[in-house]
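The block underneath contains the structure these notes are about, expressed in structure tokens.
Nothing in this text is a laboratory measurement; each read-out follows from the coordinates by a stated rule. Everything numeric in this text was worked out from a predicted model, so none of it was measured. Glycine also receives a Cβ, built like all others from the backbone with ideal geometry; neighbour counts cover every protein chain displayed.
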Amino acid sequence: MKRKLPPDAFDHYLSLGLARSYTSVAKRYAVSKVTVTKRAKKEGWQRRVLEIEAKARTASDEKAAETMEAINARHLRSARVIQAKALEALKSMSLGTAMDAVKALHLGVQQERLILGEPTDRNAVNVEDVIKREYEKLMVSDGDGEDEDGGEGEEAA
């Protein structure tokens, strides 16, 4: 008596993930691998798996992008609130007591620049430092005729 492969065999095949194989499906439903292979070819299991995985990746990427957009929007709103509060405080304070407001304003501006992809003061300085270091490394020449003291080679005695 031949056993037939049930309609939910593809669902099981898909659920196997990285361990996905026709042999596993055949064992699960106690049928031959040939039976599974024929059904898979007839129903286009390989194509369906690729389509499902592509849709899942697209949905995951979209969700991640939406999440990052929401985080950035929330942080941007927070930075702008800090800036507004700092400006209000600066208006009402004397110059000597306004330092906390100045720090808050600076923090808000830095956060806003960072979220918008602009370089912050620290990032700009770090890039400059890296460029200077790399430039200095490239400009060092080997055997330029001078020793470490700046003299001209070894003197003959």
| task | State the extension gain, in nm to one decimal, for the chain segment bounded by residue 100 and residue 11, taking 0.36 nm per residue of separation less the distance between their alpha-carbons. | result | 25.9 nm
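What FRET efficiency comes out for residue 107 versus residue 132 if R0 is 22 angstrom and r is the Cβ-Cβ distance? Round to the nearest 0.05. Please list the in-between numbers first.
Numbers: r = 28 Å, r/R0 = 1.25.
Once rounded, the FRET efficiency stands at 0.20.
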| message | Give me the one-decimal nm value for the distance between modelled label points at residue 34 and residue 73, 7 Å along each residue's Cα-to-Cβ direction. | response | 5.9 nm
| query | So what is the diffusion coefficient of segment 27-71 in µm² per second by Stokes-Einstein at 20 °C and 1.002 mPa s, using a Kirkwood Rh over Cα pairs? | reply | 165 µm²/s
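Note down the net charge around residue 63, summing +1 for each Lys or Arg and -1 for each Asp or Glu among other residues with Cβ under 14 Å from its Cβ. Working shown, then result.
Values: positive: 55, 57; negative: 61, 62, 66, 69.
Its environment carries a net charge of -2.
What length, rounded to one decimal in nm, is gained on full extension from residue 139 through to residue 48, with 0.36 nm per residue of separation minus their alpha-carbon distance?
Details: separation 91, 0.36 × 91 = 32.76 nm, distance 5.75 nm.
Separation in residues times 0.36 nm, less the Cα-Cα distance, equals 27.0 nm.
Indicate the gyration tensor shape class of segment 6-50 (rounded, prolate or oblate), computed on the Cα atoms with a ≥ b ≥ c the square roots of the eigenvalues: a/c under 1.5 is rounded; otherwise a/b larger than b/c is prolate and the rest oblate. Provide the component values of the computation, followed by the final result.
Details: a/c = 1.61, a/b = 1.14, b/c = 1.40.
Oblate is the answer for segment 6-50, as a/c is 1.5 or above yet b/c matches or exceeds a/b.
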| query | Stretch residue 23-residue 4 to full length: gain in nm at 0.36 nm per residue minus the Cα-Cα span? | reply | 5.3 nm
| field | Percent of Cα-Cα distances greater than 16 Å, calculated over segment 1-101 | value | 71 percent
